[in-house]
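For reference, the structure is listed below as structure tokens.
The values are calculated or read from the model by the stated rules, or taken from the named source; none is laboratory data. These numbers come from a predicted model, not from an experiment. Cβ placement follows ideal geometry from the backbone for every residue including glycine, while neighbour counts extend to all protein chains displayed. The protein model used for the area step is the full one, side chains on, heavy atoms only, and it has no ligands, DNA or RNA in it. Shrake-Rupley method; radii C 1.70, N 1.55, O 1.52, S 1.80 Å.
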Amino acid sequence: AEKSFMAVNCAALPEGLLESELFGHEKGSFTGATENKEGKFQRAHQSSLLLDEVSEMSLPLQAKLLRVLQEHEITRLGGTQPIPVDLRIIAATNSKLSDLVEQKSFREDLYYRLNVIPIHLPPLRERREDIPDLVEFFIKKYNARHTKTHIQGIDPDALKAFEQYSWPGNVRELENVIERAVVLETEERIRKTSLPNELLGQLSPDKTQVPELDQNNIDLERTLDQI
């Protein structure tokens, strides 16, 4: 816990670059390899390494990852000597790995080797009680990043809009909305006027009152104004 936390996005790099990023390489092992390089496995020795989007790994690279987990050693690209490593692997994915195993696109033995302590993180719409704390956290984060801002909090009606939105992009979408609001807001608190239209226009099904179709136009407009 006292060592540096490492992370790799497995979907962001081509297979060849991902292998070099994880395992490292020896000088001269490929064109452009002008010096020895430690990979993330070696740099995370006695620490933790997050493999984000692990489902995007190719089958050959999955086999090499399995060997790391079983043998606790790596071999750099172009190298011949095994290097011992002792690290905690945390794997994350948006896909259901058990389905990928059935489709033969994810190794079954690696799936069971990774699935020691599974943690299911529900989508943000299923844990709306987290939204106020996340909003406060991101306001502080982007106040510090954009030094000319002075946001002190969020208005209750704006927070209510946050809590009623379905958040298809989950926490990343919430973070982006907060950054936008911090940059655009001219007052000391985030108001509804600083929120994107798609957030204001969509309420969750349990919050939306759908008007009856047999109302006349005046009643319909009045009902819509109240939503």
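Kindly indicate whether I190 is β-branched (V, I, T), surrounded by 14 or more Cβ atoms within 10 Å (Cβ to Cβ), at pLDDT 90 or above and under 24 Å from the mean Cα position of the chain (by Cα). Here the answer is no, as I190 does not meet what is asked. In the stretch 12-24, the residues that are closer than 7 Å to G39 by Cβ form Cβ pairs under 9 Å with partners that are among the aromatic types (F, W, Y) and modelled with pLDDT of 90 or more, at six or more places apart or across chains, as follows: L22/F41; F23/F41; G24/F41.
Residue-by-condition table, conditions (1) of a type outside the set (K, R); (2) in a helix (DSSP H, G or I); (3) more than 19 Å from E126 (Cα to Cα); (4) at pLDDT below 60:
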{"residue": "H150", "(1), (2), (3), (4)": "yes, no, yes, no"}
{"residue": "L159", "(1), (2), (3), (4)": "yes, yes, no, no"}
{"residue": "E179", "(1), (2), (3), (4)": "yes, yes, yes, no"}
{"residue": "K207", "(1), (2), (3), (4)": "no, no, no, yes"}
{"residue": "E212", "(1), (2), (3), (4)": "yes, no, yes, yes"}
{"residue": "L224", "(1), (2), (3), (4)": "yes, yes, yes, yes"}
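Restricting the first member to the stretch 40-66 and to residues that are over 25 Å from E2 (Cβ atoms), and the second to residues that are open to solvent by 10 Å² or more (accessible area, probe 1.4 Å) and part of a helix (DSSP H, G or I), the beta-carbon pairs closer than 7 Å and six or more apart or on different chains are S55/L97; S55/L100; S58/E15; L61/E15; L61/E19; L66/D109; L66/R113. Would you say D109 is under 26 Å from V54 (Cα atoms) and acidic (D, E)? It is true that D109 is under 26 Å from V54 (Cα atoms) and acidic (D, E). Tally the residues that are polar (S, T, N, Q) and either surrounded by 16 or more Cβ atoms within 10 Å (Cβ to Cβ) or in a helix (DSSP H, G or I) (or both), restricting the search to the stretch 48-92. Total satisfying the criteria: 4. Looking only at residues in the stretch 3-24 that are in a helix (DSSP H, G or I) and not acidic (D, E), the one that is surrounded by the fewest Cβ atoms within 10 Å (Cβ to Cβ) is L17. Among the residues making up the stretch 93-106, a single one is touching a residue at least 12 places away in the same chain (Cβ under 8 Å), exposed (fewer than 13 other Cβ atoms within 10 Å of the Cβ) and either small (G, A, S) or part of a helix (DSSP H, G or I) (or both): S98.
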